[in-house]
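Below: one structure, written as structure tokens.
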Amino acid sequence: MNPLSKLLRKNIANLKPYSSARDEFSGSASVFLDANENPYDTGYNRYPDPYQQEVKKRIAEIKDVDPAQIFLGNGSDEPIDLLFRAFCNPGVDNVVAIEPSYGMYTVSAGINDVEVKKVLLTENFELESEKVLAVADDKTKLIFLCSPNNPSGNLLNSDEIISIVRNFNGLVVVDEAYIDFAPGESLLPELDKYPNLVVLQTFSKAWGLAGIRLGMAFASPEIVAVLSKIKYPYNINSLTQQRVMQSLQNVDEKDQWVNTIIAEREKLAKELEQFKFVRKIYPSDSNFLLVKMDGAREKFEYLMSEGVIVRDRSKISLCEGSLRITIGSHEENQELIDKMNGLK
């Protein structure tokens with residue numbers, strides 16, 4: 001890869017970051033008169049740890065990485081946006097993304113005035129590294145890959161991903177939001193080998209914490225330092241840090257949920273296959289199914305009128321006539337099937 005200093009925007013490289021009150025202090029103290037806080041203890045009258053050190057320490061133990069390789073953001077959307085702001089010059093640089101995939105890569109690009117070059121997956125949603133690399137040019141700073149992919153649900157071939165990482169001079173961002181549901185391995189063990197690799201994960205899916213909005217970016221300490229330099233000082237609040245620490249003490253519960261969801265995914269797929277209007281159920285390594293069917297929009301609107309909300313993906317490339325259905329509880333999945341029995 002190119003040296004990080006060459007990839008960084010000049011204004012970011014020269015930026016003097018905001019120094020919060022707690023940046024100048026480490027260790028223990030009994031009197032805090034540095035941050036203009038209210039001194040009366042409400043449980044939340046003090047600012048949170050700006051670097052989430054305890055949370056990162058626990059995540060590092062579970063993920064087998066160094067705490068210096070972890071950046072925590074307000075959902076995965078924050079590190080996605082920060083990567084644009086750190087490395088892409090507006091109106092000059094571009095990024096490459098696969099199509100179809102998670103829409104926030106394109107939204108963040110638009111917000112930051114950065115061109116997106118899209119590379120269509122195969123009809124079976126497979127990744128072709130040569131096509132991705134062929135689209136990249138000397139102004140391409142980032143490549144976004146989602147694996148397992150959304151909305152297709154499939155795990156991308158790891159050899160194809162690594163081929164892109166090895167042969168691209170910029171940063172390759174692999175979004176593993178659904179990795180807990182997949183049979184394949186995460187790319188986290190590859191971080192030490194490839195300094196241009198960034199891996200995104202989240203607490204929103206397998207951990208059942210979508211409401212607290214906490215995402216993880218794993219990368220080299222140098223990349224993490226850049227993201228930390230330009231983030232808002234206290235981007236992760238105390239309530240979020242406390243709540244995620246509770247969940248991180250109970251990994252077994254998360255694993256049980258994952259196993260149950262995977263089992264429900266297989267049962268739901270078999271039940272959906274029984275409907276004559278269902279044309280194809282795409283293989284899934286995620287907590288959802290992409291289902292091609294006759295009259296997809298009509299069926300989406302019917303289900304919505306019955307209080308069952310799924311996602312219409314019919315207007316997305318390669319997903320024509322398809323609904324994306326999240327795997328719910330056994331009762332929720334059964335209600336979906338019961339409502340669909342009213343369709344013709």
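The rows are residues; the columns are (1) modelled with pLDDT of 95 or more; (2) over 16 Å from the mean Cα position of the chain (by Cα); (3) surrounded by 20 or more Cβ atoms within 10 Å (Cβ to Cβ).
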site	(1), (2), (3)
206	yes, no, no
216	yes, no, yes
223	yes, yes, yes
228	yes, yes, no
231	yes, yes, yes
246	yes, yes, no
270	yes, yes, no
### Task
Can you tell me which residue within segment 127-153, out of those that are in a loop (DSSP other than H, G, I, E, B) and within 19 Å of the chain's Cα centre (by Cα), is farthest from residue 176 (Cα to Cα)?
127
## Note on the structure
When segment 1-15 is checked residue by residue, the ones that are loosely packed, with under 12 Cβ neighbours inside 10 Å, at pLDDT below 95 and part of a loop (DSSP other than H, G, I, E, B) are 3
## Note on the structure
Subset of segment 297-325, residues crowded, with 18+ Cβ neighbours inside 10 Å and either closer than 13 Å to residue 272 by Cβ or among the aromatic types (Phe, Trp, Tyr) (or both), comes to 299, 300, 303, 310, 322, 323, 324, 325
### Query
Just one of 212, 230, 236 is in the same structural domain as residue 16 (by TED's automatic domain parsing), more than 17 Å from residue 58 (Cβ to Cβ) and of a type in the set (Val, Ile, Thr); which is it?
230
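For segment 129-156, what are the residues that are among the charged types (D, E, K, R) and either at pLDDT below 95 or out of contact with any helix residue (DSSP H, G or I) (no Cβ under 7 Å at 6 or more places or on another chain) (or both)?
130, 131, 137, 138, 139
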### Query
Assuming residue 285 fulfils every condition listed in (1) more than 21 Å from the chain's Cα centre (by Cα); (2) in contact (Cβ under 8 Å) with a residue 60 or more places away in the chain apart from one, which condition is it?
(1)
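Conditions tested, residue by residue: (1) surrounded by fewer than 21 Cβ atoms within 10 Å (Cβ to Cβ); (2) touching a Cys at 6+ places or on another chain (Cβ under 8 Å).
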{"position": "73", "(1), (2)": "no, no"}
{"position": "91", "(1), (2)": "yes, no"}
{"position": "95", "(1), (2)": "no, yes"}
{"position": "99", "(1), (2)": "yes, no"}
{"position": "111", "(1), (2)": "yes, no"}
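Mind listing just one residue for me: the one in segment 24-40 that is acidic (Asp, Glu) and surrounded by 12 or more Cβ atoms within 10 Å (Cβ to Cβ) and, of those, nearest to residue 236 (Cα to Cα)?
37
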### Query
So which of 22, 58 ends up being basic (Lys, Arg) and either over 25 Å from residue 202 (Cα atoms) or out of contact with any helix residue (DSSP H, G or I) (no Cβ under 8 Å at 6 or more places or on another chain) (or both)?
22
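Within the group 113, 159, which residue is modelled with pLDDT of 95 or more, assigned to a loop (DSSP other than H, G, I, E, B) and more than 19 Å from the chain's Cα centre (by Cα)?
It is 113.
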### Query
If residue 43 passes every condition in (1) surrounded by 14 or more Cβ atoms within 10 Å (Cβ to Cβ); (2) over 23 Å from the mean Cα position of the chain (by Cα); (3) not polar (S, T, N, Q) but one, which one does it miss?
(1)
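The values are calculated or read from the model by the stated rules, or taken from the named source; none is laboratory data. The structure presented is a predicted model; accordingly, all values stated were derived computationally and were not measured. Virtual Cβ from ideal backbone geometry, glycine too; neighbours counted across all protein chains shown.
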